[in-house]
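Undergrad: Let me give you the structure first, and then I'll get to my questions.
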Amino acid sequence: MKNYDLIIVGGCSAGIAAAINCKRLYPQNKIAVIEKLPRIGKKLLATGNGKCNITNLFALEHGYVNKGFTEYAQNRYTPDKVVEFFESLGLICYSDSCARVYPESNMAASVVDSLRFELERLGVEVICDTPVTDIKKNGDSFIVNNAYGCKKIILAAGGKSSPSQGSDGSGYPLAKKLGHSVTNLVPALVPLCGSPEITKPMKGMRVREVNLTLKGDKILAKTQGEILFTDYGLSGIAAMELAAPAQKYINNVKRNPFTIIDFMPRMTYNEIVEYLQNLCKIKGSCNVDNFLTGFLPKTVGIAICKATSLYKGERRIDELSVKEIKLIAEKVKNFPLEITGTKGFVNAQVTSGGIKTDEINPETMQSKKCRGLYFAGEIIDVDGGCGGFNLQWAWASGMLAGELKD
């Protein structure tokens, strides 16, 4: 049996950050990272559309699930400190207008390589092609797969999102075996399914800067940003950020929520009515198909007109009554789509849910149930929106766990 001071289960963002920080703090420690895939960091390669959105400079203000639990780690390893960490690896970063931070190369492979090279430089052993199927507590130590022993262990095995990239939920049963509880799990940051009879004719159409409101028996969530219509429902960042609350509502209430789209949030209803009345004068001889093409894609405009139940494509615009114009303006501001589910964990970027936060010490990431056991990253019941927020949590929690504080 090979023995280590620390074994980290999971060779992606949180696990790698934990390994590097721990080895820098305790150079004498013998550390191993165990990864089920042939190489470490595979999921990182897909983040930020292949550019790797490392962090977000506004992460401390972000509305994470269980935000209070995250605050110690996030304040100890702020986005600025995460950028400094990568600079210490030789990786130069830049931030865009939305405070999203990327490697200067705009290549996720640069991030993975910089992390991998540092593990090698520090002498951290990386054991790939090795799924962890069993962890036993053995007095003050642990035995992994009946093959490896260690004094302390960090579970950074990820959630259930994107299982092809190694995050298949296998860490949860390991945590349960060591005395922990896992919340209900749902896919997050994933496209929405529903109302295909409405969305399919608009397939491929993008609308930027809309407001979305998810409603059940009350308002469940609000987002804003770009949406993309698909043959099965709705994608785009603003829609994907509604996935977790939508799926939780469906699971708990057994009813489908609706997302209400405001296609023109920067204009009031009255301003839109006035605008459309002016359009009637400008485009009066055109048919209704072209009524809204001044500020929305044509197929989206047709769908809005159809939603009024007054639509007849062969009608001229100047034939519309004031009542019809007001109904169209109402649909521009309040366009409903029923949501029946999501595209699931296989297409999700993040898992919502995980190890219960009240079972973990937020100032150390150590288990309150099992001394010597630590957690980091997505396996914990913490998740955020698009834009580098989830990776920021992974780095911060991983580096804090790597301190191995009691």
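The values are calculated or read from the model by the stated rules, or taken from the named source; none is laboratory data. What you are looking at is a predicted structure, and each value in this text was computed from that prediction instead of being measured. No Cβ is skipped: glycine too gets one built from the backbone with ideal geometry, and neighbour counts run over all protein chains shown.
Undergrad: Restricting to region 15-45, name every residue that is assigned to a helix (DSSP H, G or I) and of a type in the set (A, V, I, L, M, F, W, C).
TA: ILE16, ALA17, ALA18, ALA19, ILE20, CYS22, LEU25, LEU44, LEU45, listed by residue number.
Undergrad: Condition first: over 15 Å from ALA156 (Cα atoms) and buried (at least 20 other Cβ atoms within 10 Å of the Cβ). Now tell me which residues in region 350-361 satisfy that.
TA: SER352, the sole residue that qualifies.
Undergrad: Which numbered condition in (1) outside any loop (DSSP other than H, G, I, E, B); (2) farther than 18 Å from ILE8 by Cβ; (3) within 21 Å of the chain's Cα centre (by Cα) is the only one that LYS176 fails?
TA: (3)
Undergrad: Here's something else I'd like to know. Please specify each residue of region 329-388 satisfying the condition of being free of Cβ contacts under 8 Å to residues at least 60 places away in the same chain and closer than 21 Å to VAL210 by Cα.
TA: Across region 329-388, the qualifying residue is only LYS331.
Undergrad: Against the definition (out of contact with any Gly (no Cβ under 7 Å at 6 or more places or on another chain) and closer than 13 Å to TRP393 by Cα), how does GLY90 come out, yes or no?
TA: no
Undergrad: Can you find a residue in region 305-314 that is over 30 Å from GLY159 (Cβ atoms) and in a helix (DSSP H, G or I)?
TA: yes
Undergrad: Take the residues of region 1-59 that are farther than 25 Å from ASN145 by Cβ and among the small types (Gly, Ala, Ser): which is surrounded by the fewest Cβ atoms within 10 Å (Cβ to Cβ)?
TA: Taking the candidates together, the pick is GLY50.
Undergrad: Could you tell me which of the residues GLY139, GLY166 is surrounded by fewer than 23 Cβ atoms within 10 Å (Cβ to Cβ) and under 21 Å from ASN3 (Cα atoms)?
TA: The unique qualifying residue is GLY139.
Undergrad: Continuing with the same structure: Sort out for me the helices (runs of 4 or more DSSP H) sitting completely within region 51-154 that have 2 or more residues that are farther than 21 Å from VAL382 by Cβ and at pLDDT below 95.
TA: Answer list for region 51-154: none.
Undergrad: Can you tell me which residues in region 84-104 are surrounded by fewer than 20 Cβ atoms within 10 Å (Cβ to Cβ) and under 20 Å from the mean Cα position of the chain (by Cα)?
TA: SER95, ASP96, SER97, CYS98, ALA99 - these are the residues of region 84-104 that are surrounded by fewer than 20 Cβ atoms within 10 Å (Cβ to Cβ) and under 20 Å from the mean Cα position of the chain (by Cα).
Undergrad: A follow-up question, please. Within region 269-300, can you find the residues that are β-branched (Val, Ile, Thr) and closer than 20 Å to GLY204 by Cα?
TA: THR293, THR299, VAL300, listed by residue number.
Undergrad: Kindly provide the set of residues from region 102-157 that are of a type in the set (Phe, Trp, Tyr) and within 22 Å of PHE375 (Cα to Cα), ordered by number.
TA: Those that are of a type in the set (Phe, Trp, Tyr) and within 22 Å of PHE375 (Cα to Cα): PHE142, TYR148.
Undergrad: Within region 300-321, count every residue that is closer than 25 Å to LEU228 by Cα and surrounded by fewer than 16 Cβ atoms within 10 Å (Cβ to Cβ).
TA: 2
Undergrad: Determine whether region 170-187 contains at least one residue that is free of Cβ contacts under 8 Å to residues at least 12 places away in the same chain, under 30 Å from THR130 (Cα atoms) and out of contact with any helix residue (DSSP H, G or I) (no Cβ under 8 Å at 6 or more places or on another chain).
TA: Looking for residues that are free of Cβ contacts under 8 Å to residues at least 12 places away in the same chain, under 30 Å from THR130 (Cα atoms) and out of contact with any helix residue (DSSP H, G or I) (no Cβ under 8 Å at 6 or more places or on another chain), one finds at least one in region 170-187, hence yes.
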